[in-house]
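Novice: Submitted below is the structure of interest, expressed as structure tokens.
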2 protein chains.
Amino acid sequence: MAVTVVGSVALDSVETPFGKRERVLGGAATHFSLAARFFTGVHVVGVVGQDFGDDELAVFSSRGIGTDDLRRVEGGRSFHWSGRYEEDMAVAHTLATELNVFADFDPQLSEVARRAETLFLANIQPDLQQRVRRQSEARLAGLDSMNYWIESARGPLVEAIGLVDVVSLNDAEMRMLTGEPNLARAARSVIDLGPRVTLVKQGPYGAAMYSRDEFFSIPAYPLETFVDPTGAGDSFAGGFFGYLDSLGESEPGRNELRAAAVYGSVLGSFVVEDFGTERVQQLTREEIDARFAEFRQMVIF
Amino acid sequence: MAVTVVGSVALDSVETPFGKRERVLGGAATHFSLAARFFTGVHVVGVVGQDFGDDELAVFSSRGIGTDDLRRVEGGRSFHWSGRYEEDMAVAHTLATELNVFADFDPQLSEVARRAETLFLANIQPDLQQRVRRQSEARLAGLDSMNYWIESARGPLVEAIGLVDVVSLNDAEMRMLTGEPNLARAARSVIDLGPRVTLVKQGPYGAAMYSRDEFFSIPAYPLETFVDPTGAGDSFAGGFFGYLDSLGESEPGRNELRAAAVYGSVLGSFVVEDFGTERVQQLTREEIDARFAEFRQMVIF
């Protein structure tokens, strides 16, 4: 079993109330890969510049993440996002988004990437999400998006949503996409576009999972150490799809989807404990399973 | 067993995207009473004006809620709150707050109200909360407050918090009170003031319950019919304290507190389905227990 993830592999510059980091490893596909690899094989599809060093590459390869589809452009510069979070870290101010080599990203998947059973289309241009979906033979596919694409490419995004099984958005994006302020109705409207499942990310409040007849509430872990929110959503997706892929079922049922959502929350709760990928690079499967058990204790009554 | 609740009994004028109501029965103590009475005996302590009719009074008395401590002032006018909710109903605009007879509210509890095993101090002036707490013989007491008192009467509020077992605030108020943006740390700071338990209301995201060594996440019910948020927090408190009181235990344990928080969420989820008290006036114990079971289905994995 394996997951292919397509999206940004970046160098991020981040400032939070707890400090700052300059040009550290980041990007949606990076966070996804480092979470999913705890559960299954991962192929990362992306593009980086010459400023992307061997040390950065080794973060993937030393963990068994396939980098054959991670193209390095000689003379190019990597995607660079620079942002600052406010005091309560609910609001991020983007200071700069330099697409660089990512501007012309239009991958042709290698055979191994194409054949992976699971596909995750991280937050990229919806036309590109469609082209990648059509190349892939995955039997389970998901996508993430953002307000920028909802405003500037709604048609292509709706079409991309029709090609996947799982859509992951935050609650504001879900409302913006559907024009429906009531979240339960908004989620149902997204289901009407084709997917089986919608994951609604709610930041410090946890997440919710809707399917046609099912609702699952996923708590937020009560973190006292919360350093950098960057990557929480993509780590959630990595845990979710990585775990589902490891089960080897083409139509995961209610219990499998719920456990996957909790594994997603577990990974999302770890990544924010330190800057960038620092915490997840040190993470162990034992820590993941211990926190999974803690999540159960947080909700039973 | 019985609960005494002290707070506003009001006539509310509310406008939401779904319609409006003029001078309908409302107020914190009203919502609390109508929720708690499903579980135990309730005495309501408050003051109303001559504009408070026999029909309004019958809403309490016909449900067995004790109104001996609900004083009607001849020639006076009832507390009147007027507000408008925005499209997504996350933001309320207060259009008018007329205290009227409530301005001089300083109750002397009757013997039956004083002797109730449980006391809830709804959102009123913290000095008054202290005076009432000191009159009461309750072995379990809780209070609610709001940003206005945190800003204008922090000292008396902190002192009142030291006199109760359970504090109920929303997440913004919890942060404002403690100056701590991290919610888990904020909740711990409140516990340090004396209470055993803090309930953190998170509106459409549910709630969380913290004690010294325990955390419980309470989901939000995925309501598709959400008409008027007024009274959700007080109905939550009514379900919570009403259920706890019905157990007759002076030191409720983990499981009792958790079940109480879910009953609170159940009541909070019903009250918002219609304007004011309209939904809860029609509610049955069977509906409450059915939704309690649904809450369990929403979180198990």
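The values are calculated or read from the model by the stated rules, or taken from the named source; none is laboratory data. What you are looking at is a predicted structure, and each value in this text was computed from that prediction instead of being measured. Neighbour counts run over all protein chains shown; Cβ positions are idealised from the backbone, glycine included.
Novice: What residue, of B:Ala232, B:Ala220, is at pLDDT below 95 and among the aliphatic types (A, V, I, L, M)?
Specialist: The unique qualifying residue is B:Ala220.
Novice: Being over 19 Å from the mean Cα position of the chain (by Cα) and under 18 Å from A:Glu224 (Cα atoms) narrows it down to one of A:Phe275, A:Phe295, A:Phe270, A:Phe301, so name that one. Can you show your working first?
Specialist: Numbers: A:Phe275 fails: over 19 Å from the mean Cα position of the chain (by Cα); A:Phe270 fails: over 19 Å from the mean Cα position of the chain (by Cα); A:Phe301 fails: under 18 Å from A:Glu224 (Cα atoms).
Sole residue among the options that is over 19 Å from the mean Cα position of the chain (by Cα) and under 18 Å from A:Glu224 (Cα atoms): A:Phe295.
Novice: Let me ask something else. Among the residues of segment A:151-167, is any in a strand (DSSP E or B), within 30 Å of A:Gly276 (Cα to Cα) and away from every other protein chain (no Cβ under 14 Å)? Reasoning before the result, please.
Specialist: To start, the set of residues in segment A:151-167 that are in a strand (DSSP E or B) comprises A:166-167.
From what's left, within 30 Å of A:Gly276 (Cα to Cα): A:166-167.
Still in the list and also away from every other protein chain (no Cβ under 14 Å): A:166-167.
Within segment A:151-167 (the criterion being in a strand (DSSP E or B), within 30 Å of A:Gly276 (Cα to Cα) and away from every other protein chain (no Cβ under 14 Å)), the answer is yes, since at least one residue qualifies.
Novice: Tell me which of these B:Asn170 doesn't satisfy, since it passes every other one: (1) surrounded by fewer than 21 Cβ atoms within 10 Å (Cβ to Cβ); (2) in contact (Cβ under 8 Å) with a residue 40 or more places away in the chain; (3) within 10 Å of chain A (Cβ to nearest Cβ).
Specialist: Among (1) surrounded by fewer than 21 Cβ atoms within 10 Å (Cβ to Cβ); (2) in contact (Cβ under 8 Å) with a residue 40 or more places away in the chain; (3) within 10 Å of chain A (Cβ to nearest Cβ), the lone unmet condition for B:Asn170 is (3).
Novice: Step by step: first the residues of segment A:189-213, then only those that are at pLDDT below 95 and over 21 Å from A:Ser269 (Cβ atoms), then the one that is surrounded by the most Cβ atoms within 10 Å (Cβ to Cβ). Which residue is that?
Specialist: Only one residue fits best here, namely A:Arg212.
Novice: Which is under 23 Å from A:Pro219 (Cα atoms), among the small types (Gly, Ala, Ser) and over 18 Å from the mean Cα position of the chain (by Cα), of A:Ala172, A:Ala153, A:Ala187?
Specialist: After ruling out the rest, the residue left standing is A:Ala187.
Novice: OK, next. Need at least 2 residues that are out of contact with any helix residue (DSSP H, G or I) (no Cβ under 8 Å at 6 or more places or on another chain) and either more than 9 Å from chain B (Cβ to nearest Cβ) or on the phi > 0 side of the Ramachandran plot (or both) per element, so show me which helices (runs of 4 or more DSSP H) inside segment A:195-301 make the cut, counting only ones lying wholly within it.
Specialist: Values: elements: A:232-247, A:254-271, A:278-282, A:285-299.
Because the criterion is at least 2 residues that are out of contact with any helix residue (DSSP H, G or I) (no Cβ under 8 Å at 6 or more places or on another chain) and either more than 9 Å from chain B (Cβ to nearest Cβ) or on the phi > 0 side of the Ramachandran plot (or both), the helices (runs of 4 or more DSSP H) in segment A:195-301 that meet it are A:278-282, A:285-299.
Novice: Residues being within 10 Å of chain A (Cβ to nearest Cβ) and in a loop (DSSP other than H, G, I, E, B): count how many of those fall in segment B:181-194.
Specialist: 2
Novice: If I ask for residues that are farther than 21 Å from A:Glu22 by Cβ and modelled with pLDDT of 95 or more, which ones from segment A:75-91 would you list?
Specialist: A:Gly75
Here is a yes/no grid of residues against (1) among the aromatic types (Phe, Trp, Tyr); (2) modelled with pLDDT under 95; (3) surrounded by 21 or more Cβ atoms within 10 Å (Cβ to Cβ):
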| site | (1), (2), (3) |
| --- | --- |
| A:Ala2 | no, no, no |
| A:Ala10 | no, no, yes |
| A:Glu15 | no, no, no |
| A:His31 | no, no, yes |
| A:Arg37 | no, no, no |
| A:Asp55 | no, no, no |
| A:Asn100 | no, no, no |
| A:Asp104 | no, yes, no |
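Novice: State whether the residues of segment B:21-28 include one that is under 15 Å from B:Gly239 (Cβ atoms), touching a residue at least 40 places away in the same chain (Cβ under 8 Å) and within 14 Å of the chain's Cα centre (by Cα).
Specialist: Scanning segment B:21-28, I find at least one residue that is under 15 Å from B:Gly239 (Cβ atoms), touching a residue at least 40 places away in the same chain (Cβ under 8 Å) and within 14 Å of the chain's Cα centre (by Cα), so the answer is yes.
Novice: Any residue at all in segment A:88-106 that is within 20 Å of A:Ala237 (Cα to Cα) and not aliphatic (A, V, I, L, M)?
Specialist: Scanning segment A:88-106, I find no residue that is within 20 Å of A:Ala237 (Cα to Cα) and not aliphatic (A, V, I, L, M), so the answer is no.
Novice: Let me ask something else about it. Which one is surrounded by the most Cβ atoms within 10 Å (Cβ to Cβ) among residues in segment A:173-188 that are among the small types (Gly, Ala, Ser) and under 18 Å from B:Pro17 (Cβ atoms)?
Specialist: Our first condition is that a residue be among the small types (Gly, Ala, Ser); within segment A:173-188, this holds for A:179, A:184, A:186-187.
When the remaining residues are screened for being under 18 Å from B:Pro17 (Cβ atoms), the result is A:179, A:184, A:186.
On the way: A:Gly179: 8, A:Ala184: 20, A:Ala186: 23.
Step by step, filter segment A:173-188, then rank; the result is A:Ala186.
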